[in-house]
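The values are calculated or read from the model by the stated rules, or taken from the named source; none is laboratory data. These numbers were taken from a predicted model, which means no experiment stands behind them. Counting neighbours? That spans all protein chains shown, and the Cβs are built from the backbone with ideal geometry, glycine included.
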Amino acid sequence: MVVKRLLKIFILNKLFLFTLLFLLCNSLTFAQSIAVNTGQTPTQLVNNVLLGFGVQAFNITINGSAASSNTPVNNVTSFTNTNPAFPFGAGLLLTTGNGVGAQGPNNSTSSTNNTPATPNVSGDPHLNAIANGTVTNGVVLEFDFIPSGDTLSFRYIFGSDEYPEFSPSSFNDAFGLFLWGPGISGAYPLGGYPAGGANIATIPGGIPVTINNVGDASNTAYYVFNDNGSTYGTAIQYDGATVVLTAAATVQCNQLYHIKLAISNVGDQSYDSGVFLEAGSFASDAVAVTVATVSGDTTIVEGCTDANFIFTRPAGQLDDTLLINYTITGVAIEGVDYNFLPDTIIFLPGEDSVVINLTPTQDGITEGFESVIITVEIINPCNDTIFSQGTIYIGEGPIINITENDPTVLCATDSIPLVASASGGYAPYTYVWTDIGGSPLGSGDTITGEIVENGSILFLVTATDFCNFSSVDTVTLTMNQALSIDTMGTVPSSCQPTGVVWGIATGTVGIPSYNWSGPGANNSNFIDASVWENIPSGWYYFVVSDNVCEVNDSVFVDLLDPPVASFTVTPLSGCAPLEITLANNSQNGTAYIWSLGDGAIQTTTELGSFTHTFQDTTQNQGYTIQLIVQQGVLCSDTAVIGIVTTVCGCTDPDAINYNPLATVNNGSCIFPNPVVNAPNVFTPNDDNANEIYILDWKNLVKLRLVVLNRWGNVLFDETSSDLVNFNPGWDGYQAQDGVYFYRYEAEGISGSTIEGHGFFHLIRNE
């Protein structure tokens, strides 16, 4: 119902349209405060927010002043709401303090927001009549109106921070809806209305809505205690409020009436009070047609959005079933440009709104905007013909344009922003990026690209709008780098550091800078130049920088006839103690230094094989075997192989030979044999001894017990695989003294099974 009311307000008050849509879309999962809006004048608020169907208003005044009704007033405001705990989606707010003070959450027990101060209304005779105390500050909103039907009603909630401490008390803040006109009489005099007026803001029994009349101690059925987080707590500030109340009256069609909406503090100017009047609920008999779309205006798009025609009737008609026929006109064709709509609208008792959905057909034909007009013709109780009409326009999908940055760089890089921006469609847009082959690269309006050589790379970006219309464009990333390394050269090194490396760069801008790094970096003859001499074998890295860019390359300086370390180990892993065989396959070596990982060092000048045993059986171990092959003093090579030993044994704690250090089960577990003993006497005589016939067992994981009588009839048969918590046992219920037979089947820890049978005596000893 909150959504329906918000949609209805969209049409009645287009000034709030986009604000309400934003609030609705952004608060579906988070309950929050009402939003108080202070920008409209009282005249605008009455016409745009409060009035519903079948009512025309004029001569609007604030505190008796017509001029004041055309200027925004701090305590006559509007509100919007997306908190489902608060019953009204939007409406008019009258307060004794400033309207913004009504915004939740309820975080104060004595909220007063009266700066600047609200007007003094102590001279109002009608407020004084219901307040039973000294009226102070507040507001009196009055206007004349003409109803088109024979009933008048609207809904409201009265709240206050006087609750609950000052209910009842002398601070009897009051609210009244005073009505004058043909057929209305009462105790509230007003010039020009000799029959007097009636206060329609009452609860049953004609009791005015005030702090003392509705609260924690009086008429509690109409009261809501509103501590933070309770019924209205996150939506409004006030500590207490009424339930939703309806003010209604019987009126005469097309006659002039006068109404006064008045609220005031009583006894002081503290602890604000306010009344929330539901938007559009001040209505007379009529049925209205309004239109709601996602965009908030009267336009929908083929293949994207749809529209709801909302038929709404006033509260005075809710008790009856109402059938409404309507006509459809406009340029668009039903069943061709949009779906078929029902012929008749049926309001069931209690329903105030009926919604029919119009979904446009995406036909791919450019037709411009096509209208759909729904018109309802109603004859009210005064025999007046009332028309209500809603119109929407159907349009085609958009042409989406994509603007991209197409960057050019002068140096290879792996982080270049690629940017795309879409327009012409229905925001918001989503962006998906791929390479030219279709492989995904990312999403969002900006990603980073990479280019490592001169030339261009194409990227594809697809922009999709809110309506799922999309367009594809290319982004071109270009590299135009002048600096390059044309040549790298080396002279191999002997066992002494006698190697040479050089590099030639072209396309430099300004004075280039050279930087070498590699194994010879610590030599005293290292220079920052294009040539580096007297270096050992290894990889050398050359970086050239100029005023624009930086390039790099690498080259390997060979070693003349270097020693090569190579060996094999068999096996590479196993149970400790582990004997391994090491085979030396090295080349160009004169000496071989073995480091065996367990502290053993062995030096030899011979190739060949030998064995070594790792003895530690107490823990899993990893050993690193290193072979250094030397050729002279300065030339060497190293090879490394890792060995893993494992503690192997029986890992089953139930086994006799369980090894708690073992992590690998080698199949050596020896399990104890299962044992079952059966008693031969069973005495179920309620003496708490030998009451259940059970078997004694050891080393079992599963046991089945079967009990039979002398004729072979099975009296008991149960199996348990959780013998610690449940050992199958027979209680001998209703069995006679005598001999009974048992049979069992058992499974041991090792998986072996045993069976047995026998007999026992049941003796009750009575």
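For this structure, a couple of remarks:
- From the options ASN480, ASN468, residue that is modelled with pLDDT under 90, more than 22 Å from TYR540 (Cβ to Cβ) and exposed (fewer than 14 other Cβ atoms within 10 Å of the Cβ): ASN468
- Matching residues in the stretch 695-715 - criterion: being over 58 Å from the mean Cα position of the chain (by Cα) and not basic (Lys, Arg): LEU695, ASP696, VAL706, VAL707, LEU708, ASN709, TRP711, GLY712, ASN713, VAL714, LEU715
- Selection over the stretch 535-564 of residues that are assigned to a strand (DSSP E or B) and under 19 Å from ASN480 (Cβ atoms) gives a count of 5.
- Residues located in the stretch 574-599, provided they are touching a strand residue (DSSP E or B) at 6+ places or on another chain (Cβ under 8 Å) and within 14 Å of ASP616 (Cβ to Cβ): GLY574, CYS575, ALA576, PRO577, LEU578, GLU579, ILE580, LEU596, GLY597, ASP598
- Scope the stretch 285-319; condition hydroxyl-bearing (Ser, Thr, Tyr) and modelled with pLDDT of 75 or more; matching residues: THR298, THR299, THR305, THR312
- Residues of the stretch 720-737 that turn out to be surrounded by 12 or more Cβ atoms within 10 Å (Cβ to Cβ) and either more than 54 Å from the chain's Cα centre (by Cα) or assigned to a strand (DSSP E or B) (or both), as a count: 7
- Scanning the stretch 129-185 for residues that are surrounded by fewer than 24 Cβ atoms within 10 Å (Cβ to Cβ), touching an Asp or Glu at 6+ places or on another chain (Cβ under 7 Å) and farther than 22 Å from GLY97 by Cα turns up SER148, ASP150, THR151.
- Of all residues in the stretch 360-407, exactly one satisfies the criterion of being modelled with pLDDT under 90, over 27 Å from THR293 (Cβ atoms) and among the charged types (D, E, K, R), namely ASP384.
- Screening the stretch 334-359 for residues that are in contact with a Lys or Arg (Cβ under 7 Å, 6 or more places away or on another chain) and either among the polar types (S, T, N, Q) or at pLDDT below 85 (or both) and picking the one that is farthest from PRO147 (Cα to Cα) gives SER353.
- Counted residues, the stretch 667-692 - those being under 30 Å from GLY738 (Cβ atoms) and among the aromatic types (Phe, Trp, Tyr): 1
- Residue ID - nearest to ALA174 (Cα to Cα), chosen from residues in the stretch 201-236 that are outside any loop (DSSP other than H, G, I, E, B) and not hydroxyl-bearing (Ser, Thr, Tyr): PRO208
- The stretch 708-731 - residue that is acidic (Asp, Glu) and closer than 22 Å to GLU747 by Cα and, of those, modelled with the lowest pLDDT: ASP722
- Taken over the stretch 307-352, the residue count meeting the criterion of being within 29 Å of THR246 (Cα to Cα) and surrounded by 12 or more Cβ atoms within 10 Å (Cβ to Cβ) is 18.
- Within the stretch 427-447, the presence of a residue that is crowded, with 16+ Cβ neighbours inside 10 Å and either within 30 Å of VAL509 (Cα to Cα) or in contact (Cβ under 8 Å) with a residue 60 or more places away in the chain (or both) is excluded.
- Residues within the stretch 738-766 that are more than 16 Å from ILE694 (Cβ to Cβ) and either touching a Gly at 6+ places or on another chain (Cβ under 6 Å) or assigned to a loop (DSSP other than H, G, I, E, B) (or both), tallied: 8
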